[in-house]
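The values are calculated or read from the model by the stated rules, or taken from the named source; none is laboratory data. Because the structure is a prediction, the values reported are computed rather than measured. Glycine gets a Cβ as well: all are built from the backbone with ideal geometry, and neighbour counts include every protein chain shown. Heavy atoms of the whole protein, side chains included, go into the accessibility calculation; ligands, DNA and RNA do not. Shrake-Rupley method; radii C 1.70, N 1.55, O 1.52, S 1.80 Å.
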Amino acid sequence: MTSTSDTPAAPFSRIKIRAGALVFCGDDVALIRRARAESIHYTPPGGNVEHGEDLDAAITRELAEELGLDTEQAEGGDLLWVVDQRVTRPGPTPPPRKLHLIYRFHITPDVRATLAEQELDELPDGSHEVGVIEWINYRKTAELPIFPPLGPALAVLTDPRAAATNAALEAVTDANYTWV
């Protein structure tokens, strides 16, 4: 069903794709810490796939923008997990359904030393939110406020290169997540 200008779109009637990455250096994984007035949370580096953009091109672009990482200097790039997000959020427009594609890369300490320490995320008003890139031992991510909530699955990997038993992580819905 197509919405008209008089009829708002139904929640989750649009689908967006976000390409994110777990970038490992040994046992440490890069996460972006975002401190807001009401909360602190972490996200894997990444962002929305642009209209018509190839998925490999999207993750390559996002890692270059957010970490300054040239994926040619990294090993891996395999799709590790998919998270299906259907969460109501504040704002005037109906929320999209978002599929988070989580890729995995491995870098050396020499490459890590060249990467960004902060990431600027443009806000709707044109200002920027500063995210701090933190390297955290992946085994300590279970209790971190990470979005999408992949900390528990990440923390139980036997090592950073371990195969995932199920590529589809639990869906994020209003029943198990509250937008802050």
Mean-square fluctuation check for the chain, GNM, Cα pairs under 10 Å: which of ALA57, ALA113, ALA168 is largest? ALA113
Keeping all protein chains in place and using 1.4 angstrom, which order do ILE40, ILE102 fall into by accessible surface area, from largest down? ILE40, ILE102
Check which residues have an amide H placed less than 5 Å from PHE12's amide H, if you skip close sequence neighbours. ARG97
Using θ = phi - 60° and the Karplus form 6.51 cos²θ - 1.76 cosθ + 1.60, what ³J(HN,Hα) does each residue of the stretch 138-155 get, whole Hz, x for Gly and Pro? 4, 5, 9, 9, 4, 9, 6, x, 9, 10, x, x, 10, x, x, 5, 5, 5
Pulled fully out, how much extra length does the chain show between GLU143 and ALA163, if you take 0.36 nm times their separation in residues and subtract their Cα-Cα distance? 5.0 nm
Between helix 55-67 and the chain, what is the angle of the helix's C-alpha long axis to the longest principal axis, kept within 0 to 90° and rounded to the nearest 10? 70 degrees
Note, the stretch 163-168: 3J(HN,Hα) by Karplus (6.51, -1.76, 1.60, θ = phi - 60°), whole Hz, Gly/Pro = x, goes 6, 7, 6, 8, 6, 8
Sort all Cα-Cα distances of the chain into consecutive 10 angstrom bins from zero, then give the percent of pairs in each bin up to the one containing the longest distance. 9, 36, 38, 14, 3, 0
Exposed-loop cut sites defined as trypsin sites (Lys or Arg not before Pro) in DSSP loop states with at most 12 other Cβ within 10 angstrom; longest site-free run of the chain spans 37-160
With a cut-off of 8 Å between alpha carbons and a minimum separation of six or more residues, what is the relative contact order of the stretch 16-133 in percent? 32 percent
Rounded to the nearest 5, what % of DSSP beta bridges with both residues in the chain are antiparallel? 70 percent
The set of residues whose placed amide H lies less than 5 Å from the amide H of ALA164, leaving out same-chain residues fewer than 5 positions away, is none
For VAL29, which sequence-distant residues (separation of 5 or more, or a different chain) have an amide H within less than 5 Å of its own amide H, given hydrogens modelled in the peptide plane? ILE136, ASN137, TYR138
Explain nothing, just the number: dipole magnitude of the chain about its Cα centre with +1 on each Lys and Arg Cβ and -1 on each Asp and Glu Cβ, in debye rounded to the nearest 20. 680 debye
Cleavage-rule hits, GluC sites (Glu not before Pro), the stretch 64-148, DSSP coil, Cβ neighbours within 10 Å at most 16: GLU117, GLU143
Point-to-point label distance, THR108-LEU55, nm (Cα→Cβ direction, 7 Å offset): 2.9 nm
For the pair ALA64/ARG97, report the inter-label distance in nm, with labels modelled 7 Å from Cα in the Cβ direction. 3.2 nm
Would you kindly derive the ³J(HN,Hα) couplings of the stretch 12-24 from the backbone phi angles with the Karplus curve 6.51 cos²θ - 1.76 cosθ + 1.60 (θ = phi - 60°), listing them in order in whole Hz, with x for Gly and Pro? 6, 7, 9, 10, 10, 10, 10, 9, x, 9, 9, 9, 9
